[in-house]
Amino acid sequence: MNPAWYCGRMQNRRWGYLQTFGSTASRGCEIPSSDVLLGVAMKPSVPPKPWDLGGPARALVHAEGRRVRARGGPGTGKTLALLQRAGRLLSEGVEPGRIVFFVRHPAEASELRRSLTAWGVEKASELPIKTLHEHCIEVLRRPAVLRETGLLPRLLAPWEIEVMFLDFGEFGGLRDCQRNLDTCLRLWAAGEVDEGLEGSLHGVLRSFAENLRRWLRWHGAMLSDEVIPQVLRYLRQHPNSGEAREFEHVLVDDYQELSLAAQEVVEALALHGQLNIAGDAQQQVESRAYAHPQGVETFAADEDVLLEQAPRLPAALNAYAAEVVRSSPQAIDPERRSEALVEMAYETHEDEAEGIAAWISEGIDTGKFQPGECALLTNSGELAAGLVEALSRRGVPAASYFPESSTMSDERRAALSLLLLDLDPEDRVALRTWMSVGVSDGRGSAYERLRELAEQRGVSVSQLIHEPSLQVPGAVPYTKQLMLRWQELARRREELTPHRTSPARWLQALFPAAESAGLRQRLVEAFDANDSLQIAEGWAWRIAQALLSPALPSRAPLVRIAPYHAAKELQCKWLVLARSVDGLMPEAHVATGLNERQHREVQRAMFYVAMTRASEGLVLSHFRSIPLHEAKHLGIRVARTYHQEGKFRAETRPCPFLYR
């Protein structure tokens with residue numbers, strides 16, 4: 001396959017960072033006399049750089065300490081201040097390769113570089129702006145590190161983890177295996193990696209971790225959540241390595257989202273340089289047990305910067321958000337109701353979708369906002385679909401940025417495996433996934449026979465099947481169905497040959513159904529965005545990211561509908577918090593490793609962050625009833641059940657963060 005058509009760059013959206021940062025008078029500068037002005041009138045005007053101006057971020061931009069911490073609430077400009085600092089360092093001659101800027105989401109990188117370029121910063125395109133996870137993958141791929149660790153960063157996608165569990169039958173079903181894995185990951189995220197993945201574990205967990213390690217290593221794969229702990233282990237063992245001395249300046253945004261292990265990796269990378277972090281413990285939006293928001297407060301800073309609240313929010317909304325983050329208000333005070341804070345309540349979720357669509361359509365028609373200036377957040381992808389349909393019926397352009405379900409149909413799982421095998425026929429994980437499709441046990445016993453024989457001969461399963469001796473029927477007992485799947489794979493790859501001229505045509509052949517249009521578009525963007533990632537083992541995780549973590553554009557010419565955890569990437573004038581019922585916000589499912597109270601506080605922080613994304617107004621909307629079976633399916637907490645027109649219905653409660 002010609003890799004040239006993979007190249008290209010994603011069409012990224014601007015963050016709109018450029019703004020007025022201060023005035024000459026506010027900096028206390030002396031105003032030149034009129035004759036001086038006349039004397040320089042013919043010289044070209046050179047606008048000052050943002051970091052030369054005044055403003056609350058100046059202390060961070062010009063900080064000289066080795067360990068600098070910036071704290072501030074939503075909208076205080078933490079990211080912008082870090083970016084200005086990076087721009088100042090580049091303008092002063094620091095080589096881009098000696099600076100690294102870690103962000104929360106990969107989509108932020110091009111936006112930030114674009115802002116630097118707009119400021120006239122030389123070499124802005126060369127500045128490493130990436131997630132810590134991306135950097136750790138790059139570290140593991142380096143020859144010196146690869147020789148030491150023997151780890152190949154071919155990352156498992158979530159649906160491939162389920163296939164792996166099919167080979168772990170002695171540890172129970174999928175839920176038992178997932179529970180064991182979550183426990184292991186939580187320990188590793190806390191930094192317990194000195195003795196390897198299984199060194200700190202005992203009993204069944206240790207046996208599980210040993211099986212996990214063997215399966216992953218034979219298949220040449222890694223878990224995504226294993227990447228940072230493995231790099232931490234390497235840096236602990238090699239504190240003076242080139243990887244630990246690579247950067248003079250390490251800048252970290254959203255520090256509260258990092259695990260304890262990730263924060264230690266950051267410390268190790270900055271051991272011989274300067275470390276600048278920005279964060280707010282109240283703004284954790286990743287609802288996982290691995291984040292360590294306390295790290296913001298316990299960070300040993302020799303220079304501390306407190307960014308004051310920016311006037312982004314209307315006063316009424318700002319006061320209400322502050323009350324929500326402290327404790328749920330009794331109700332929305334009538335005196336606090338204003339054009340900036342709107343409350344809506346509907347009988348059913350269908351009524352709510354129509355009501356919200358009508359309100360947005362009216363706002364667009366009256367010039368209150370444009371489609372791209374309004375966004376909706378909710379925690380249910382299924383209910384989000386109803387909002388998209390209601391808006392579309394009124395001619396309002398809208399798009400959902402909810403991830404694909406990690407629990408996929410056999411047909412889609414097979415197509416994704418075929419995609420990966422067409423990129424790399426020796427992808428052992430993709431082959432195992434392909435072989436598992438169509439039966440509940442994944443043909444685990446038959447596959448294990450082939451795998452053991454391949455291991456004895458020192459080859460892969462793919463190479464083993466190609467051997468002439470394996471072409472004889474019954475050469476390996478009880479593997480007939482696997483051999484048929486292999487023949488099907490060869491036939492499907494042959495059919496794809498004429499479609500390999502472009503990614504769009506190739507993906508159309510892989511996912512021909514009309515309802516797969518959105519999936520095809522996400523995959524095309526994943527390919528176009530990775531002109532620098534031509535290594536085959538990188539594609540599995542890139543594809544998983546495109547499907548499970550679609551990038552939410554900070555600005556777009558349509559109404560964006562997204563889950564709450566995507567709020568940090570969002571900017572809009574008006575925001576609708578839709579489907580705000582107990583069980584969807586906060587979500588009923590408690591993340592592994594969190595107790596009920598901790599889970600509730602993480603969800604409260606997420607809700608608070610969402611409330612602060614709008615610059616002009618907020619709409620709080622909920623529905624009062626839903627069919628009982630739908631409530632159970634979605635995890636909505638039921639206040640009471642009743643019978644209506646021959647069907648059971650559930651009465652809902654509003655989000656408890658809004659009312660006690």
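Scan the range 571-594 and report the pairs whose first residue is over 17 Å from ALA353 (Cα atoms) and whose second residue is at pLDDT below 75 and basic (Lys, Arg), with Cβ atoms within less than 6 Å and a gap of 6+ or a chain change.
Once the first residue is over 17 Å from ALA353 (Cα atoms) and sits in the range 571-594, its partners that are at pLDDT below 75 and basic (Lys, Arg) give ALA591/ARG288.
For the range 129-158, what are the residues that are closer than 29 Å to VAL439 by Cα and surrounded by fewer than 21 Cβ atoms within 10 Å (Cβ to Cβ)?
PRO158 - this is the single residue of the range 129-158 that is closer than 29 Å to VAL439 by Cα and surrounded by fewer than 21 Cβ atoms within 10 Å (Cβ to Cβ).
Would you check which residues across the range 367-387 are at pLDDT 90 or above and aliphatic (A, V, I, L, M) and list them?
ALA375, LEU376, LEU377, LEU387, listed by residue number.
Would you check which residues across the range 487-505 are in a helix (DSSP H, G or I) and touching a residue at least 40 places away in the same chain (Cβ under 8 Å) and list them?
LEU489, ARG492, ARG493, LEU496, PRO503
Here are some residues: GLU138, GLU148, GLU170, GLU160. Which one is more than 24 Å from ARG233 (Cβ to Cβ) and either at pLDDT below 90 or of a type outside the set (Gly, Ala, Ser) (or both)?
Of the residues listed, the single one that is more than 24 Å from ARG233 (Cβ to Cβ) and either at pLDDT below 90 or of a type outside the set (Gly, Ala, Ser) (or both) is GLU170.
Confirm whether ALA529 is open to solvent by 20 Å² or more (accessible area, probe 1.4 Å), of a type outside the set (Ser, Thr, Tyr) and either at pLDDT below 90 or touching a strand residue (DSSP E or B) at 6+ places or on another chain (Cβ under 7 Å) (or both).
Details: open to solvent by 20 Å² or more (accessible area, probe 1.4 Å): yes; of a type outside the set (Ser, Thr, Tyr): yes; either at pLDDT below 90 or touching a strand residue (DSSP E or B) at 6+ places or on another chain (Cβ under 7 Å) (or both): yes.
Yes.
Take the residues of the range 306-337 that are assigned to a loop (DSSP other than H, G, I, E, B) and at pLDDT 60 or above: which is nearest to VAL103 (Cα to Cα)?
Filtering first and then ranking leaves LEU307.
Looking for whichever is over 23 Å from GLU354 (Cα atoms), open to solvent by less than 10 Å² (accessible area, probe 1.4 Å) and within 27 Å of the chain's Cα centre (by Cα) here; the options are GLN603, GLN598. Which one fits?
Exactly one residue qualifies, and that residue is GLN603.
Considering only residues that are assigned to a loop (DSSP other than H, G, I, E, B) and not hydrophobic (A, V, I, L, M, F, W, C), look in the range 284-305 and name the one that is modelled with the highest pLDDT.
Residue satisfying both the conditions and the ranking: ASP302.
Each row is one residue, and each column tells you yes or no for (1) more than 21 Å from the chain's Cα centre (by Cα); (2) among the β-branched types (Val, Ile, Thr).
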| position | (1), (2) |
| --- | --- |
| GLN84 | yes, no |
| GLU92 | yes, no |
| GLU108 | no, no |
| GLU111 | no, no |
| GLY120 | yes, no |
| LYS123 | yes, no |
| GLU126 | yes, no |
| ILE129 | no, yes |
| ARG154 | no, no |
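Would it be correct to say that ALA124 is among the small types (Gly, Ala, Ser) and either under 30 Å from ARG443 (Cα atoms) or open to solvent by less than 20 Å² (accessible area, probe 1.4 Å) (or both)?
yes
So which residues in the range 486-505 are modelled with pLDDT under 85 and open to solvent by less than 30 Å² (accessible area, probe 1.4 Å)?
PRO503
The values are calculated or read from the model by the stated rules, or taken from the named source; none is laboratory data. These figures come from a predicted structure and were not determined experimentally. When we count neighbours, we look across all protein chains shown, and the Cβ atoms used for this are built from the backbone with ideal geometry, even at glycine. Heads up: the accessible areas ignore ligands, DNA and RNA and are worked out on the full protein's heavy atoms, side chains in. Shrake-Rupley method; radii C 1.70, N 1.55, O 1.52, S 1.80 Å.
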